[in-house]
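Worksheet: the structure to be examined is printed underneath.
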Amino acid sequence: MFRHILIPTDGSPIAGRAVRAGIRFARETGARVTGYYSYDTLRAHVNYGGYMASDKFVVQMDRRAEHVGRKYLDAMAKLARAARVRFDSVCAKVPDPAEGIVATARRKNCDVIFIASHGRSGLSKLIMGSVTQKVLAHSKIPVLIYR
Amino acid sequence: MYRKILVPTDGSRLSDRAVKEATRLAQVLNAKLVLFHALQEMRQPIYSEGSSTVLASRQRVRKAAASRARKILAAAAKKAESLGLSATKDYAAGASPHDAIVAAAQRHHCDLIVMASHGRRGLSKFLLGSETQAVLPRARVPVLVVR
């Protein structure tokens, strides 16, 4: 059965619910968990009021994003520890979150991805989030769409 | 966590795999398994040019579909049984297969759907089968997509 679950988060409340369910799922199946958060500051770089942001500013932005990601992943680690689930995490800077999720699942030899049906930019319950949709399209391993 | 799992099957090779995965998962989670087949809408020829066509009666078409459903479900149940789990079987028609699947999940109070990424018409050029794609936004419960 499942041995290693990848649980991506974007820090949104919906993802938070998926994280809690995913860790419970891991506990009941006896699997370990890798938490995943990715960020990308390229947009800030391009859109900086028509000016290019300085390299120093980009580095600052990256550091901030990394810090935010670590915070979410630390919270996840805490939940995993409480549930006695083996846990590690990946916080990465990638241009495309879905590609990052699929690539990390492959690199870490995960056998299932546990992901919310939509995340931060989820407008409606009737449509699936774009990241989730893309993960589903590109993943070679099973994907659990949580709602 | 998940107490009752619905597995839609159309008898294709990929949905066989979904049955296998779902059976294993049900065993690990100590959950019940409901095998479900959505009846295909039968397209009857209205006329046939240059040859005589005997129109099958609606009833006969329905009967044939039901017997095919029973055959598919019996094969799936046998597979689950061989892994050591006895499953409930059900088939029904809906406005479309995905509607029938979503309705079946509610009717049986399933809290998880496990289904193949592609079904019988599994054109791999599409990243996700049409019925799976249609179930995802409509399902009220999590969906585990198996490939």
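Starting from the 7 Å offset along Cα-to-Cβ, what nm value, one decimal, do you get for the label separation of A:K140 and B:S67?
4.3 nm
Quick check on my link table: of A:K78/A:K108; A:K134/B:K89; B:K20/B:K89, which ones sit more than 23 Å apart, alpha carbon to alpha carbon?
A:K134/B:K89
How crowded by other chains is B:71-84, given as the mean number of beta carbons from other chains within 10 Å of each beta carbon?
Taking all residues of B:71-84 together, the mean is 0.
Output the relative contact order of chain A, whole-number percent, from Cα pairs under 8 angstrom with separation of 6+ residues.
With pairs under 8 Å counted, the relative contact order is 32 percent.
Straight-line reach from A:K71: which lysines have Cα under 16 Å away, leaving out those fewer than 8 places along the same chain?
Result set, ordered by chain and number: A:K93.
Taking neighbour Cβ counts within 10 Å as the exposure measure, how do A:F57, B:F36, A:F87 sort from fewest upward?
If I rank by nearby Cβ atoms, fewest first, I get A:F57, A:F87, B:F36.
Assuming R0 = 35 Å, can you tell me the calculated FRET efficiency for the pair A:H67 and A:R32, based on Cβ-Cβ distance, to the nearest 0.05?
0.90
Under the classification rounded if a/c is under 1.5, otherwise prolate if a/b is larger than b/c and oblate if not, where does chain A fall, given a ≥ b ≥ c as square roots of the Cα gyration tensor eigenvalues?
Since a/c reaches 1.5 and a/b is larger than b/c, the shape of chain A is classed as prolate.
How far, in degrees from 0 to 90, does helix A:13-29 lean away from the longest principal axis of the Cα atoms of chain A, to the nearest 10?
30 degrees
Taking the mean number of other Cβ atoms within 10 Å as a proxy for protection, how do you rank A:130-137, B:61-68 from highest to lowest?
Per-residue Cβ counts within 10 Å, averaged per peptide and sorted highest first, yield A:130-137, B:61-68.
Coordinate-derived values only; no laboratory data. As the structure is a prediction and not an experimental result, all values here were calculated from the model. So basically every Cβ, Gly included, is an ideal-geometry build from the backbone, and we count neighbours across all protein chains shown.
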